[in-house]
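Contents: one structure, followed by commentary.
What follows is calculated from the coordinates using simple rules that are stated; it is not laboratory data. It should be emphasised that the depicted structure is a prediction, and the values quoted were computed from it without experimental measurement. Here the Cβ positions follow ideal geometry from the backbone for every residue, glycine too, while neighbour counts run over all protein chains shown.
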Amino acid sequence: MDTWAQGRGTTTVEDVVQAVSPWLAAADGITISGGEPFDQREALIDLLVQLRAQTKADILVFSGHPWATICDALAASPSLIDAIVSGPFEVNETQTLALRGSDNQELHLLTPLGRARFASFERRIDETDRAFDVMFDDHGDLWLAGIPARGDFRRLRHILEDGGSTLGTSEDTRFLSL
């Protein structure tokens, strides 16, 4: 199951750049992920060009496509992406490698900056890798970003529901109108 909803609406690259611009000066890294960035290849390249013009931050992209299917797109636009995690998330695969949701995924270090920032993730995970970004909305719902251990969402959902809160993914139809 994908945790990102398909077809939630449209926006422009300019709107995305405008939305993130206030944070670019302070950012040391930018992560682009889910749905699937390479399903909108031209928009992705346009976004990357505009981000590169505004920041020296590293750019990490997560793609569910195998490396062989996306490397041609990268050859046409070298140095826009510093590192890529490629390959589909496989829920039944083990997860023992840092920065990856499942062990079939591959980390590709594409630039000197990518090697400097992400080479340390070419290893097995340890407990320090189990971190989340957390946000509570005005309704008391909790949103998380990160790479959890198997079963973490299920356990957390039960804990939160016992306390009267809701945990869902962007694919959850309760949140599609947000």
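Data overview
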| quantity | calculated |
| --- | --- |
| Positive-end residue, the stretch 13-121 charge dipole about Cα centroid, Cβ charges, pick of Ile84, Thr94, Leu109 | Leu109 |
| Extension gain (nm, one decimal) between Asn104 and Arg155, 0.36 nm per residue minus Cα-Cα | 15.9 nm |
| Residues whose placed amide H lies under 5 Å from that of Ile30, excluding near-sequence neighbours | Asp58, Ile59, Leu60 |
| Length added when fully stretched, Ser165-Met135, from 0.36 nm per residue minus Cα-Cα | 9.5 nm |
| Beta bridges per DSSP with both ends in the stretch 13-121, % antiparallel, nearest 5 | 35 |
| Ranked list, fewest to most other Cβ atoms within 10 Å of each Cβ, for Thr111, Thr11 | Thr11, Thr111 |
| Residues Trp67, Trp23, sorted so that the one with the fewest Cβ neighbours within 10 Å comes first | Trp23, Trp67 |
| Neighbour net charge for Ala53 - beta-carbon separation under 13 angstrom, K R +1, D E -1 | 0 |
